[in-house]
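Chemist: Have a look at this one.
The values are calculated or read from the model by the stated rules, or taken from the named source; none is laboratory data. Keep in mind that this is a model prediction, so the values were computed, not measured. Here the Cβ positions follow ideal geometry from the backbone for every residue, glycine too, while neighbour counts run over all protein chains shown.
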Number of protein chains: 2
Amino acid sequence: MPRIVDHEERRGQIADAVERLIAAESLDSVTVARTAEEAGISVGLVQHYFASKDEMLLESFRRVRNRIEARVAARRQRSERAGARIERMLLDGVAELMPLDPARRSEGRVTLAFTARTFGNPGLAEVLRSSNANLRAQIEQALRNALACGELPEPVGYELEAARLLAFVDGLVLHCHTGQRPLSARAAHAMVAAELARLLPGPCDRSR
Amino acid sequence: MPRIVDHEERRGQIADAVERLIAAESLDSVTVARTAEEAGISVGLVQHYFASKDEMLLESFRRVRNRIEARVAARRQRSERAGARIERMLLDGVAELMPLDPARRSEGRVTLAFTARTFGNPGLAEVLRSSNANLRAQIEQALRNALACGELPEPVGYELEAARLLAFVDGLVLHCHTGQRPLSARAAHAMVAAELARLLPGPCDRSR
């Protein structure tokens, strides 16, 4: 079905252009005309794929968050195959949200711009909520597995603990992006590492 | 000097109108015309006090953050007079940032809207940075006092610990505002309380 592949590719090309515009300037600078220019296609073609600017923004936000979630899932699978500590798996997973390189810095700024737009925009709000729910579910499962293998010494309130961890990471990320001293991305990463080391002090025994 | 008082009052009246517009709608809906309408004064008068929309936004953000900082400082003074535990003082202080009632919910949404605008806007970025630096300095001082009175069992890296605490609070606040389950404002408050209880387990002896 080559037409469907083309369709998705073209939508991705447009969504990527939206993302670059937000990262380089702001969400306000996104218009259908500027997106068409950035994507190197005609305004008419953009309009063929997206009925409105809002639909275009929604698709762009969805793709940014899907890409982050996919990287987190891929890291988890690699860590599982390697038999890594769950502490390490969690740290590597949440590091995908942290501005440790230009690509993640760009994603973080785009996410923050969209986050401020979730008020009064139920579509964007739902993308953020479901993306975070997915991340929390992965953290929650990791914590349950950590109890099973011994890294977590005793049961915790998994749902709240996962919410707490993700909020901590997102707060650090927010402060990194807004240039709050003395928080560099590396310092934030070290704080998450320390938090996970405190939470998961036990030996990892996958044969348990 | 009645003219100076009038001047500040009028600027405050305009800045409050900006804040109400952002809280009720969005930062995008703020124009000089709509602000004049919301404040119940003429466009010409708004322009007399603010040369541009950007100056108006800056003043509004500055006032929101100053108000929060003033409440935090007032709470600290009350707690000090009452000889309260520093753990309690810190919890009450950061609670001023949390969406525990409609006024603080409104302030939090306004702060988040401005935060997303700090990119590419050095004035707004500086307001956020200096406001957070002030809050972190107060937290840092409280932690040093906690060591002196015995609540903090041993010295910590005060600057980083204060940055960590404020980022944790701001992350929780962000998730509350964006409706992330299962984080209610009350649940977030309980998480901060638990974090402070963990950090400051010692007895408080102000005579030390």
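Chemist: All but one of (1) closer than 23 Å to residue A:129 by Cβ; (2) at pLDDT 95 or above; (3) assigned by TED's automatic domain parsing to the domain that holds residue A:144; (4) not hydroxyl-bearing (Ser, Thr, Tyr) hold for residue A:18; which doesn't?
Modeler: Condition (3) is where residue A:18 drops out.
Chemist: Test residue B:163 against the stated conditions and say whether it is buried (at least 21 other Cβ atoms within 10 Å of the Cβ), modelled with pLDDT of 95 or more and in the same structural domain as residue B:183 (by TED's automatic domain parsing).
Modeler: Yes: the conditions hold for residue B:163.
Chemist: Taking residue B:116 as the residue in question, decide whether it is of a type in the set (A, V, I, L, M) and within 14 Å of residue B:22 (Cβ to Cβ).
Modeler: So residue B:116 fits the description; yes.
Chemist: Moving on to the next point. So in segment A:163-208, with the set limited to residues that are assigned to a helix (DSSP H, G or I), under 30 Å from residue B:114 (Cα atoms) and without any contact (Cβ under 8 Å) to a residue 12 or more places away in the chain, which one is nearest to the other protein chains (Cβ to nearest Cβ)?
Modeler: A:171
Chemist: Please tell me if residue A:142 is assigned by TED's automatic domain parsing to the domain that holds residue A:72 and out of contact with any helix residue (DSSP H, G or I) (no Cβ under 9 Å at 6 or more places or on another chain).
Modeler: no
Chemist: Scan segment A:18-35 and give yes if some residue there is among the aliphatic types (A, V, I, L, M), within 14 Å of chain B (Cβ to nearest Cβ) and surrounded by fewer than 17 Cβ atoms within 10 Å (Cβ to Cβ), otherwise no.
Modeler: The answer is yes, given that some residue of segment A:18-35 is among the aliphatic types (A, V, I, L, M), within 14 Å of chain B (Cβ to nearest Cβ) and surrounded by fewer than 17 Cβ atoms within 10 Å (Cβ to Cβ).
Chemist: From the set of residues in segment A:105-128 that are facing chain B (nearest Cβ under 7 Å) and part of a loop (DSSP other than H, G, I, E, B), which is nearest to residue A:173 (Cα to Cα)?
Modeler: A:118
Chemist: May I pose another question? In the list B:10, B:67, which residue meets the criterion of being of a type in the set (Lys, Arg) and more than 30 Å from residue B:141 (Cα to Cα)?
Modeler: B:10
Chemist: Could you give me the residue pairs with C-beta distances under 9 Å whose first residue belongs to segment A:89-101 and is farther than 16 Å from residue A:171 by Cβ, whose second residue is of a type in the set (Gly, Ala, Ser) and in a loop (DSSP other than H, G, I, E, B) wherever it lies, and which are 6+ apart or on separate chains?
Modeler: Pairs found: A:92/A:84.
Chemist: Next question. Only one of (1) within 11 Å of chain A (Cβ to nearest Cβ); (2) surrounded by 17 or more Cβ atoms within 10 Å (Cβ to Cβ); (3) part of a loop (DSSP other than H, G, I, E, B) fails for residue B:151. Which number is that?
Modeler: The number of the failed condition is (1).
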